[in-house]
2 protein chains.
Amino acid sequence: MSLPTRITDLIVKDIRFPTSLEKDGSDAMHKSPDYSLAYVTVKTDSEIEGRGMTFTVGRGTHIVCCAVEAFKKLVVGQKLADIFGDFGQFWQSICSEDQIRWLGPEKGVTHLATAAIVNALWDLWAKMEGKPLWKLLVDMEPEKLVSTIDFRYMEDALTKQEAIELLKSRQAGKADREAELKNTGFPAYTTSCGWLDYPDDKIRKLATEAISQGMERFKMKVGGDIEDDIRRAKIFRETIGYDRLWMVDANQKWEVQESIDWMKKLAPYKPLWIEEPTNPDDIMGHAAIAEALNPLGIAVATGEHCQNRVMFKQFLKAKAMQYCQIDACRVGGVNECIAIILMAAKYNIPVCPHAGGVGLCELVQHLSIFDYISVGCSLKNRTIEYADHLHEHMEAPVKIKNGCYVVPTVPGYLVGVKEEAIKQFEYPMGSEWQRMFADGTFEPDV
Amino acid sequence: MSLPTRITDLIVKDIRFPTSLEKDGSDAMHKSPDYSLAYVTVKTDSEIEGRGMTFTVGRGTHIVCCAVEAFKKLVVGQKLADIFGDFGQFWQSICSEDQIRWLGPEKGVTHLATAAIVNALWDLWAKMEGKPLWKLLVDMEPEKLVSTIDFRYMEDALTKQEAIELLKSRQAGKADREAELKNTGFPAYTTSCGWLDYPDDKIRKLATEAISQGMERFKMKVGGDIEDDIRRAKIFRETIGYDRLWMVDANQKWEVQESIDWMKKLAPYKPLWIEEPTNPDDIMGHAAIAEALNPLGIAVATGEHCQNRVMFKQFLKAKAMQYCQIDACRVGGVNECIAIILMAAKYNIPVCPHAGGVGLCELVQHLSIFDYISVGCSLKNRTIEYADHLHEHMEAPVKIKNGCYVVPTVPGYLVGVKEEAIKQFEYPMGSEWQRMFADGTFEPDV
């Protein structure tokens, strides 16, 4: 197969899965999510295509698709040598398009759209090199890797030179760490046992099953009702014991003081972290919560709604996060994720990516594997979220073994969504949606 | 005319003005803006309509329109008594739509769309009461006014009870302040003389003309080249002297240290403030810049890209802004602007709204007049931005007299955009755009 030289087309599809039917994914702020994708295919002058995505929870996915279309003319026609030759500059040309940037900058719908496009370009690059994304990143020279980053607004936290030196200082032992990880896998934690609207017996059953499959780390949704949370916490600890890790996630539900008060009541059950206690923009609020709860052994974790590297810089500088939960699609794709991983390393904060959803597990595993081999060099306090839904629709689904992500070997990043899934779940014309509109299960979202 | 009882339709239009042709509005980050509106009309069961908008700078306006359409079903069919009876709750029902909120929450495209809708509802309410918006706000009982605010994530800065007490404490003298303002107008500053790409002689000519019309306050765009900025600063001070106020605006161009270094070179020309020195999300960066520059007599102003009340809370708590520049459309409309005005009052920070653009001057004058009469009670350090473009397209354009905004008397908020302007500038089918596509002045934005 000949290698591509330029981009000939960019196609975006709105793909939605009706997860709200089973309350999978329910939390304190998102009662009925339908896990969805704005799914981008970048076509080239060869047979190789790049596939990228951003994750959403249903309604509004078409708005992200609309934004992807608006960026299309910045991408189609570009030579791949120009893009990958100075990826940092190309990334900036999208994020700083001088009219569209007003709608952000670098946040919300336009940045989600940027992520979908940028992730497709990385998928393409990895396929061209015949490597899974993590391996492409691990093998890249530090100078080249750092050239993909837009360092604007980061200089007071991490300069380009510091980033290169940090990467160089951690070259020793890379081969050993790669071999080790291929052997052990990367530690996962599961969110699938503890959705907010799951009944007690379902929690008990799922957690017991997960343990029997080797799972060692568990997360529970909180923030609906404190008595419910205490009861569910007891069920978790009765089922998993106190030697396994257990975390809780409020999905932005509380005020600052409320977060502190609520978590004090859950402290006896020894959660490792409270995730997203309050609004994701409230840096100083998170810092106040951390200051109050850290003495109780409870850390603050956040990041899945943290919009860009500038916001992560605030959280890191303000000691407002003890766990950095990057999302592969919330920020502007791989380039910005690398920037945040490097900043977190400088501030000694472990990166534990947000996943679950659909497609996110497939993406973030590459980022964590790269982090371990090339940047963080430690598995201490590192774990990747895992939820067991919808992987059957992926061309290269994640594999979990003994509670760990198996290091992927298929070339690419997302690799792709199966054609059959697209036919069924493209919104609104896919066969499954048409069936569910016809039988009244759903009303079309106009 | 009978009063409306419910909303029967919501229509959104993409209206763009080709301001890039004359470099009006050019700054360090937005070289060629085409000032635009996502323009919302709320129709009712009477002849009274509400008109609202959000401001954009050209490409991507259709993405905001797409988001407005996505919220449509939350608005159409609603009873006005329900909306205005608990406007805070209605506002929250839009901002926290449990699937669409994933795309923000409360930031970027979806929040701009929220603003356009919410502003139309306030326009409708003011028209129903037969009052300009500022008067509707000024006459409202504190409890009622505060019921329009969503206090989530604000409690550690300002509680509902504190807000009510603050408003009550400033009731005395309201009638006097209203009478005074009708007499004097509200102080304006002009941005129209100092766009980045204006040649020196144009700056001198425009500033001289402005002085002859009574203008006392001026702003200049900076951040392209330091030598250019120094030369332009000299021209300004030669033309306006040192008794008039002069501010500078970098539109997010610099790093933190770069902001400090650059402004030290402009300090001899005594700017009142440096506006948006760096990325709008960099709260701690702004605080560091303020700490370094305040001893030189230079304040930090920011807010036009500040996405919501939670971010304003960070800036206020961190002493990162000495002037609070709310934008009537960046945050979620009047409700959130009132929340921010009240928080700023508590932290003793003057509010000087962002305007210019198109339609923004028409909107923010109401917010500042309300602020003066009911909240801030002082004109010290208060001034509203003014740019003299595109007002001819407004049904109720602002009036400037002796360098001050004349207090508006027409019922409503935006009131409306003229039908003729819509016919010419609706994008892409308006007659002016079709003419400019045909003669090659512009290519259609696909």
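The values are calculated or read from the model by the stated rules, or taken from the named source; none is laboratory data. Note that the structure is predicted; figures quoted are calculated from it, not measured. Here the Cβ positions follow ideal geometry from the backbone for every residue, glycine too, while neighbour counts run over all protein chains shown. With ligands, DNA and RNA removed, areas are computed over all heavy atoms of the protein, side chains included. Shrake-Rupley method; radii C 1.70, N 1.55, O 1.52, S 1.80 Å.
Among B:Gly50, B:Asn348, B:Ala157, which residue has its Cα furthest toward the positive end of the charge dipole of chain B, with +1 on Lys/Arg Cβ and -1 on Asp/Glu Cβ?
B:Asn348
If you count only protein heavy atoms and use a 1.4 Å probe, how large is the accessible surface of A:Lys380, to the nearest 10 Å²?
Taking all protein chains as shown, A:Lys380 has close to 140 Å².
Within chain A, which complete DSSP H helices have Cα atoms spanning at least 24 Å along the helix axis and a mean Kyte-Doolittle hydropathy of 0.0 or higher?
What comes out of the filter, once short or polar helices are dropped, is A:108-129.
Would you count, across segment A:1-125, every pair of lysines whose alpha carbons are under 18 angstrom apart, provided the pair is eight or more residues apart or spans two chains?
7
Counting pairs of alpha carbon atoms under 8 Å apart in space and at least six apart in sequence, what relative contact order in percent does chain A give?
19
Just to check I understand the Karplus step: with θ = phi - 60° and J = 6.51 cos²θ - 1.76 cosθ + 1.60, what whole-Hz values come out for segment A:388-398, glycine and proline as x?
9, 9, 6, 5, 5, 8, 8, 5, 10, x, 5
Sorted from shortest, what are the nm distances separating the label point of A:Glu141 from equivalent points in the other copies, each placed 7 Å from Cα along Cα to C-beta?
7.4
List the accessible area buried at the contact between B and A, summed over both sides and calculated with a 1.4 Å probe, in Å² to the nearest 100.
Chain pair B/A: roughly 5700 Å² of buried accessible area.
May I ask you to order B:55-68, B:297-310, B:396-409, A:293-306 by the average number of other C-beta atoms within 10 Å around their residues, highest value first?
Packing order, densest peptide first, comes out as B:55-68, B:297-310, A:293-306, B:396-409.
With only Lys, Arg, Asp and Glu charged, each at its Cβ (+1 for the first two, -1 for the last two), find how big the charge dipole of chain A is about the Cα centre; round to the nearest 20 debye.
The calculated dipole for chain A is roughly 900 debye.
So, with +1 on the Cβ of K and R and -1 on the Cβ of D and E, and no other charges, what is the size of the charge dipole of segment B:295-380 about its Cα centre, to the nearest 20 debye?
Roughly 380 debye, rounded to the nearest 20.
Debye sum, Cα scatterers, chain B, no solvent: what log₁₀ I/I(0) at q = 0.10 1/Å?
Reported log10 I(q)/I(0), two decimals: -0.68.
When you count, for each residue, the other Cβ atoms within 10 Å and take the mean per peptide, how do B:125-131, A:196-202 rank with the highest first?
Listed from highest to lowest mean packing, they are B:125-131, A:196-202.
Treating the point 7 Å from Cα along Cα-beta-carbon as the label, what are the nm separations from B:Lys380 to the other copies, to one decimal?
With the label placed 7 Å along Cα→Cβ, B:Lys380 yields 5.4 nm.
How big is the gap, in Å, between the Cα center of segment B:199-266 and the Cα center of segment A:21-68?
45
Quickly rank B:207-217, A:272-282, A:432-442, B:185-195 as a protection proxy: mean count of other C-beta atoms within 10 Å, highest first.
Packing order, densest peptide first, comes out as A:272-282, B:185-195, B:207-217, A:432-442.
Let me know the mean shielding of A:108-115 by other chains, meaning the per-residue number of their Cβ atoms within 10 Å of its Cβ.
Averaged over the peptide's residues, the number is 5.
Taking only the alpha carbons of the protein assembly as shown, what extent do you get along each of the three principal axes, in Å, biggest first?
79, 55, 55
Taking amide H positions as placed 1.01 Å from N in the peptide plane, with prolines and chain starts having none, which residues 5 or more places from A:Thr148, or on another chain, fall under 5 Å of its amide H?
Amide H neighbours of A:Thr148, under 5 Å, 5+ apart: A:Gly88.
Name the residue from B:Ser259, B:Thr383, B:Leu363 whose Cα lies farthest towards the positive end of the charge dipole of segment B:167-405, charges +1 on Cβ of Lys and Arg and -1 on Cβ of Asp and Glu.
Sorting the options by dipole projection puts first B:Thr383.
Please compute the per residue accessible area over chain B with all protein chains in place, 1.4 Å probe, rounded to a whole number of Å².
Dividing the accessible area of chain B by its residue count gives 33 Å².
Where does the charge balance sit around B:Ala267 when Lys and Arg score +1, Asp and Glu -1, over other residues with C-beta under 14 Å from its C-beta?
Its environment carries a net charge of +3.
Mind checking the mean number of beta-carbon atoms from other chains within 10 Å of the Cβ atoms in A:92-103?
Mean shielding by partner chains, rounded to a whole number: 6.
Distance cut-off 25 Å, Cα to Cα: go down the list A:Lys219/A:Lys265; B:Lys160/B:Lys182; B:Lys313/B:Lys380 and report the pairs above it.
As for pairs spanning more than 25 Å Cα to Cα, those are B:Lys160/B:Lys182.
Which listed residue (B:Gln99, B:Pro428, B:Phe84) has the Cα farthest towards the positive end of the charge dipole for chain B, taking +1 on Lys and Arg C-beta and -1 on Asp and Glu C-beta about the Cα centre?
Highest projection toward the positive end goes to B:Phe84.
If you place +1 on the Cβ of every Lys and Arg, -1 on the Cβ of every Asp and Glu, and leave all else neutral, what size is the dipole of segment A:167-405 about its Cα centre, to the nearest 20 Debye?
920
Considering only DSSP beta bridges with both partners in the protein assembly as shown, what is the antiparallel share in %, to the nearest 5?
Counting DSSP beta bridges with both partners in the protein assembly as shown, the antiparallel share is about 55 percent.
Over all residues in B:275-288, what is the mean tally of Cβ atoms on other chains that come within 10 Å of each residue's Cβ?
Mean shielding by partner chains, rounded to a whole number: 5.
What residue in chain A has the Cβ closest to the axis turning A into B, and how close is it in whole Å?
Of all Cβ atoms in chain A, the one nearest the axis gives A:Gly108, 1.
Expressed as a rounded percentage, what relative contact order does segment B:167-405 have, with Cα pairs under 8 Å and six or more residues apart?
22
Ordered shortest first, which distances in nm separate the 7 Å Cα→C-beta label point of B:Ile230 from those of the other copies?
6.9
Please give every one of the aspartates and glutamates within straight-line cross-link reach of A:Lys317, meaning a C-alpha to C-alpha distance under 12 Å, and leave out same-chain neighbours fewer than 8 residues apart.
A:Asp156, B:Asp282
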